[in-house]
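See below for the structure under consideration.
Read-outs: derived from the displayed coordinates by stated rules, not from any lab. What you are looking at is a predicted structure, and each value in this text was computed from that prediction instead of being measured. Neighbour counts are summed over all protein chains in view; Cβ atoms, including those assigned to glycine, are modelled from backbone coordinates with ideal geometry.
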Amino acid sequence: MAPDTERALLLQQLKNYLMFLRESGHTHVPLNSELSELPVMATLSGTFHDSSPQPLESRMVPKSPFTKPEDDGKPSSGLVDVREELGDCERCKLCETRQTIVFGSGNPNADLVFVGEGPGADEDAQGLPFVGRAGKKLTEIIEKGMLLDREKDTYICNIVKCRPPGNRDPEKDEVEACKPFLIKQLKAIRPKVIVALGKPAASTLLGRTVPITKERGTWHEFEGMKLMLTYHPAYLLRAYTLENRQAVYDDMQKVLEVLKA
Ligand code: SF4
């Protein structure tokens, strides 16, 4: 292989790995500086800074987000394998217009997983799910409504990992192409509760058309895991009524009851 080609390939692999770390919740990567005995930290947004307040040991050996606590008994590397299998996916036409694959983010050991529809423009640009307006609403639901920490207590992903152009709904063939990876993600995490946000997520997980206004707040099962259906935060923003907000609040209280049981 020509040196230039090999270099380009290595850079692409490095970029993919850094994207993967960022999607997994890492914000920094420790580097050994040739200019100093102290390591420096590279942020995944591309800037560098010294992190001297932290103990040297913790700066040299980052805790993997996929290292499960010894006593939780859950699988440890499932999400890594799923992400590797997904690769630089071209299994459906959404690959032609996306900027980044938005795999998911949060705690891979979480007991609670939210599943949305697909990345929007902000998510596509940043490579992270639910970072736009709807994402802020979801964070508010998690942190103010449920008193949980979004990054520590939940994992968030979508039924398709690439942005549908113009924020249209994902098409059937796109959902079918991406669904196996969603299922593998959920099986790898195996949370106590999955929350489907909105009709497309609920319909994809249940394999039928779900009338979300009728079925929100009801429990279902997905691959042996409890599944709650509720409104998508983007819908809440469009129909910001007391009734709708109360409905989502009530649904999340049901989820909390199961999480605490
Ligand atoms: S939406 Fe899913 S199946 Fe389609 S290209 Fe993206 S990752 Fe692949």
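For the stretch 103-227, what class follows from the C-alpha gyration tensor (a ≥ b ≥ c being the square roots of its eigenvalues): rounded when a/c is under 1.5, otherwise prolate if a/b is larger than b/c, else oblate?
rounded
Could you run the Karplus curve 6.51 cos²θ - 1.76 cosθ + 1.60 with θ = phi - 60° over the stretch 250-255 and give me ³J(HN,Hα) per residue in whole Hz, x for Gly and Pro?
Listing the rounded values in order: 4, 4, 6, 5, 4, 4 Hz.
Kindly rank 135-142, 163-170, 199-206 from highest to lowest mean number of other beta carbons found within 10 Å of each residue.
199-206, 135-142, 163-170
Applying 1/(1 + (r/R0)^6) with R0 = 25 Å to the Cβ-Cβ distance of E90 and R168, what FRET efficiency is obtained, to the nearest 0.05?
Here the calculated transfer efficiency is 0.80.
Around V131, which amide H atoms from residues at least 5 apart in sequence, or from another chain, sit under 5 Å from its own amide H, with H modelled in the peptide plane?
Amide H neighbours of V131, under 5 Å, 5+ apart: E123.
Which of rounded, prolate, oblate describes the stretch 173-245, given a ≥ b ≥ c as roots of the alpha-carbon gyration tensor eigenvalues and a/c under 1.5 marking rounded, otherwise prolate only if a/b is larger than b/c?
Judged from the Cα gyration tensor, the stretch 173-245 comes out prolate (a/c at least 1.5, a/b above b/c).
Go through the stretch 169-217 and name the trypsin sites (Lys or Arg not before Pro) that are in a DSSP coil and have 15 or fewer other Cβ atoms within 10 Å of their Cβ.
Loop-located and lightly packed - K192, R208.
For the pair L259/L237, report the inter-label distance in nm, with labels modelled 7 Å from Cα in the Cβ direction.
2.2 nm
Explain nothing, just compute: Karplus ³J(HN,Hα) = 6.51 cos²θ - 1.76 cosθ + 1.60, θ = phi - 60°, for every residue of the stretch 214-229 in order, whole Hz, x for Gly and Pro.
Running phi through 6.51 cos²θ - 1.76 cosθ + 1.60 with θ = phi - 60° gives 7, 9, 4, x, 10, 8, 9, 10, 9, 6, x, 10, 6, 10, 9, 9 Hz.
Going by amide H atoms built from the backbone, whose H comes under 5 Å of the H on G198, apart from near neighbours?
Those lying under 5 Å, H to H, from G198 are T230, Y231, H232.
Please list the non-local residues whose amide H lies under 5 Å from the amide H of I159, H modeled 1.01 Å from N, same-chain partners needing a gap of 5 or more.
G116, E117, G118
Using R₀ = 30 Å, calculate the FRET efficiency as 1/(1 + (r/R₀)^6) where r is the Cβ-Cβ separation of E140 and E223; round to 0.05.
For R0 = 30 Å, the calculated efficiency reads 0.55.
Using θ = phi - 60° and the Karplus curve 6.51 cos²θ - 1.76 cosθ + 1.60, what whole-Hz ³J(HN,Hα) does each residue of the stretch 79-85 get, with Gly and Pro shown as x?
With the stated coefficients, the stretch 79-85 comes to 5, 4, 5, 5, 5, 5, 5 Hz.
Between K152 and R208, what is 0.36 nm times their sequence separation minus the Cα-Cα distance? Round to one decimal in nm.
Extra length from K152 to R208 when fully extended: 17.0 nm.
For A125 and K192, compute 0.36 nm times the residue count separating them, minus their Cα-Cα distance, and round to one decimal in nm.
Numbers: separation 67, 0.36 × 67 = 24.12 nm, distance 3.08 nm.
Length difference between fully extended and current span is 21.0 nm.
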